[in-house]
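Undergrad: Just dropping this structure here.
The values are calculated or read from the model by the stated rules, or taken from the named source; none is laboratory data. Every value quoted in this text rests on a predicted model; they were computed, and no experiment measured them. When we count neighbours, we look across all protein chains shown, and the Cβ atoms used for this are built from the backbone with ideal geometry, even at glycine. Areas reflect the complete protein model, heavy atoms only, side chains present, ligands, DNA and RNA absent. Shrake-Rupley method; radii C 1.70, N 1.55, O 1.52, S 1.80 Å.
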Amino acid sequence: MSDTISAATLKHWLQDGNEIALFDVREAGQFGEGHLFFAVPLPYSRLEIDVIRLAPRKSVRVVLTDDGEGVAEQAAQRLETLGYTRVQVLAQGNAGWVAAGYQLFKGVNVPSKTFGELVEHAYHTPHISATELDRWRQSGRPYVLLDGRTVDEHHKMTIPGSVACPNGELPYRINDVLEQAAVDANTPVVINCAGRTRSILGAQTLRNLQLPNPVLALENGTQGWTLAGLSLEHGSRSRYPEHVADTALAQERASAETLRQRFNIPVLTASQAQAWLDDQARSTFVFDIRSEQEYREKTLPGASHAPGGQLIQATDQYLGVRNSRLILLDHEQVRAPVVASWLYQLGFEVAILEHGIATAIRVSALPDSVACLPVASGPLVASLFQQGKLALLDIRSSAAYRREHIAGVPWSIRPRLPQWLAAQSIRPETVVLIADSAKVAKLAAQDLRQAGVQRVEWLYGISALVHAGLRTQKESALPDDAERIDYLFFVHDRHEGNLEAARDYLAWETALIGQCTADELAVFRLPDTA
């Protein structure tokens, strides 16, 4: 039995200034329906895959929470096996937190989303409505519209005429974007995203850099555009220019340096950075915040990739330790200081490196804690399955299962494997898992073997079984909604024409500040809250 702590103790730990990793080990759908403000999602189905990345120092305080159904205790045992030495479980899970009088929050990336709303209030970031922007478009008024989301999100759907320029790239690319657009300093620049956060943060980034152009956030992003009865563009390939002119770079460096000094972001020498990394009592994360292509071409060995705009927008997807330290890398001394200025205001201890990715420091690569599972033979599995000599179990995402699955093969997920086994009239000696990740299959296999299954193998997807002659079916109601704990219904169809879902989502974003307690808001360092 794992050690437990009370909600009151956890509340104190979250305010004591020491490092703590608070992980909610339920699946994505459960997490999004209600979780603690500072909880980081770490689904049990991926526990050992992601925990080393989110909490690399194994002596850090770790607190696990769930719905009180025992998954946190099971996860605690797994983490202790990995070598984590200070693992606690929140007594009664989230229900215990609520019983103590504390708040749960719907949605994802809640601290960053709340921060975006606070930024708008603190800086009085100007915005433009979808209807007003459409009037500009119809009248031929010149403006530049930039999509601050990822390039992939932009490609899926965006405002007509928008150019993909992720927020983390804005400080480095803006002058070349404006030059390409052939506009002057009087031309307004509008930043859009899908909702509110990245529109606000992108617009305020350019304002903080003192771009001479008028800069506005598109109110409510693509959702606001749709709610105004306007049509989105799908499949856009318009994006920022790759080349950065030397003349633009000099100007952008100067603006970034002014912003760095404004927030007193440290610039570490190699020896100072190495001291941070060698300190066994603190967790230090090293992130290359440039584009994925730049990261793949050249980076500091051992550094993790976290595109700057996404690191601000979704910090809980990249690091899991509160009160840890962050070192940001670029190669040009523009993006790192600007992204650092926002992470400082988010409440993090953050620094940049004197020579960026060229700084001579040693960063330990994260170990791979999950070995792969052997791949089964599709034809053999199909034959044995038809003879009733093995059990097939589909552990892909519930969305993939609904699209198509092998007829007669049930769906499950790692935390529900005990229930699946209990439902079998005879415990199978051999189970073959249909999965879309070898590592996820390995973790499920580990639990099945511990429960007494003698042999577990896996197949990537269903294609090998289809080629071997097994019939597929498409069943949009299976698994039923209640079973789909990996799927977040809260946000699932706001981009698919469901206007009510979009309204609900935008109302959720704007209401976040009002849900927070003073100690939750106190972590941020914004001008009107400092």
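Undergrad: List every residue pair whose Cβ atoms lie under 6 Å apart, where the two residues are 6 or more positions apart in sequence or sit on different chains, the first residue falls within the range 36-48 and is at negative phi, and the second residue, located anywhere, is modelled with pLDDT under 95.
TA: Filtered contacts from the range 36-48: Glu48/Ser369; Glu48/Val370.
Undergrad: Quick one: would you say Ile200 is crowded, with 24+ Cβ neighbours inside 10 Å and more than 18 Å from Ala248 (Cα to Cα)?
TA: Yes: the conditions hold for Ile200.
Undergrad: Does any residue of the range 7-19 turn out to be under 25 Å from Phe489 (Cα atoms), in contact (Cβ under 8 Å) with a residue 60 or more places away in the chain and either open to solvent by less than 10 Å² (accessible area, probe 1.4 Å) or out of contact with any strand residue (DSSP E or B) (no Cβ under 8 Å at 6 or more places or on another chain) (or both)?
TA: Residues of the range 7-19 under 25 Å from Phe489 (Cα atoms): none.
Looking for residues that are under 25 Å from Phe489 (Cα atoms), in contact (Cβ under 8 Å) with a residue 60 or more places away in the chain and either open to solvent by less than 10 Å² (accessible area, probe 1.4 Å) or out of contact with any strand residue (DSSP E or B) (no Cβ under 8 Å at 6 or more places or on another chain) (or both), one finds none in the range 7-19, hence no.
Undergrad: Within the range 211-232, identify whether any single residue is over 30 Å from Ile513 (Cβ atoms), over 22 Å from the mean Cα position of the chain (by Cα), open to solvent by 50 Å² or more (accessible area, probe 1.4 Å) and without any contact (Cβ under 8 Å) to a residue 12 or more places away in the chain, and answer yes or no. Please lay out each step first, then the result.
TA: Taking the range 211-232 as the starting set, the residues that turn out to be over 30 Å from Ile513 (Cβ atoms) are 212, 231.
Next, from what is left, pick out any that are over 22 Å from the mean Cα position of the chain (by Cα): 212, 231.
Filter once more, so that each one left must be open to solvent by 50 Å² or more (accessible area, probe 1.4 Å): 212, 231.
If we keep only those that are without any contact (Cβ under 8 Å) to a residue 12 or more places away in the chain as well, we get none.
No, that holds for no residue.
Undergrad: Residues of the range 347-370 being more than 30 Å from Val440 (Cα to Cα), open to solvent by 10 Å² or more (accessible area, probe 1.4 Å) and part of a loop (DSSP other than H, G, I, E, B), which ones?
TA: Gly347, Phe348, Glu354, His355, Ala360, Ile361, Arg362 - these are the residues of the range 347-370 that are more than 30 Å from Val440 (Cα to Cα), open to solvent by 10 Å² or more (accessible area, probe 1.4 Å) and part of a loop (DSSP other than H, G, I, E, B).
Undergrad: For Arg325, only one of the following conditions fails: (1) over 16 Å from the mean Cα position of the chain (by Cα); (2) more than 18 Å from Ile20 (Cβ to Cβ). What is its number?
TA: Only one criterion is unmet by Arg325, namely (2).
Undergrad: Taking into account only those residues within the range 371-394 that are within 26 Å of the chain's Cα centre (by Cα) and either at pLDDT below 95 or under 14 Å from Pro428 (Cβ atoms) (or both), which is least open to solvent (accessible area, probe 1.4 Å)?
TA: Within the range 371-394, the match that is least open to solvent (accessible area, probe 1.4 Å) is Ala371.
One line per residue, one yes/no per condition, for (1) open to solvent by less than 40 Å² (accessible area, probe 1.4 Å); (2) among the basic types (Lys, Arg); (3) assigned to a helix (DSSP H, G or I); (4) more than 25 Å from Gln419 (Cα to Cα):
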site	(1), (2), (3), (4)
Gln30	yes, no, yes, no
Phe37	yes, no, no, yes
Glu48	yes, no, yes, no
Val62	yes, no, no, yes
Gly68	no, no, no, no
Ala75	yes, no, yes, no
Leu79	yes, no, yes, no
Ala95	no, no, yes, no
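Undergrad: Can you name the number of the only condition in (1) under 23 Å from the mean Cα position of the chain (by Cα); (2) among the acidic types (Asp, Glu); (3) surrounded by 22 or more Cβ atoms within 10 Å (Cβ to Cβ) that Glu294 fails?
TA: Among (1) under 23 Å from the mean Cα position of the chain (by Cα); (2) among the acidic types (Asp, Glu); (3) surrounded by 22 or more Cβ atoms within 10 Å (Cβ to Cβ), the lone unmet condition for Glu294 is (3).
Undergrad: Restricting attention to the range 352-387, and to residues there that are of a type in the set (S, T, N, Q) and either out of contact with any helix residue (DSSP H, G or I) (no Cβ under 7 Å at 6 or more places or on another chain) or free of Cβ contacts under 8 Å to residues at least 24 places away in the same chain (or both), which single residue is nearest to His331 (Cα to Cα)? Let's see the steps before the verdict.
TA: Of all residues in the range 352-387, those of a type in the set (S, T, N, Q) come to 359, 364, 369, 377, 383, 386-387.
Checking the rest, the ones that are also either out of contact with any helix residue (DSSP H, G or I) (no Cβ under 7 Å at 6 or more places or on another chain) or free of Cβ contacts under 8 Å to residues at least 24 places away in the same chain (or both) come to 364, 377, 383, 386-387.
Details: Ser364: 20, Ser377: 47, Ser383: 55, Gln386: 57, Gln387: 60 Å.
Across the range 352-387, the extreme among qualifying residues is Ser364.
Undergrad: So, one more: Check Arg253, Arg260 and return the single one that is among the basic types (Lys, Arg), touching a residue at least 40 places away in the same chain (Cβ under 8 Å) and in contact with a strand residue (DSSP E or B) (Cβ under 9 Å, 6 or more places away or on another chain).
TA: Arg260
Undergrad: Being assigned to a strand (DSSP E or B), open to solvent by 70 Å² or more (accessible area, probe 1.4 Å) and closer than 13 Å to Ala391 by Cα is the filter here, so list the residues in the range 444-461 that pass it.
TA: Once the filter is applied, which keeps residues that are assigned to a strand (DSSP E or B), open to solvent by 70 Å² or more (accessible area, probe 1.4 Å) and closer than 13 Å to Ala391 by Cα, the range 444-461 yields only Arg455.
Undergrad: Right, here's the next one. Considering each residue of the range 51-79, count those that are more than 19 Å from Gln30 (Cα to Cα), in contact (Cβ under 8 Å) with a residue 40 or more places away in the chain and not hydroxyl-bearing (Ser, Thr, Tyr), and give that number.
TA: 10
Undergrad: Identify all residues within the range 297-312 that are without any contact (Cβ under 8 Å) to a residue 60 or more places away in the chain, of a type outside the set (S, T, N, Q), open to solvent by less than 60 Å² (accessible area, probe 1.4 Å) and not in a strand (DSSP E or B); write none if there are none.
TA: Passing the criteria: only Ala306.
Undergrad: Residue by residue through the range 97-117, note down the ones that are assigned to a helix (DSSP H, G or I) and free of Cβ contacts under 8 Å to residues at least 12 places away in the same chain.
TA: Val98
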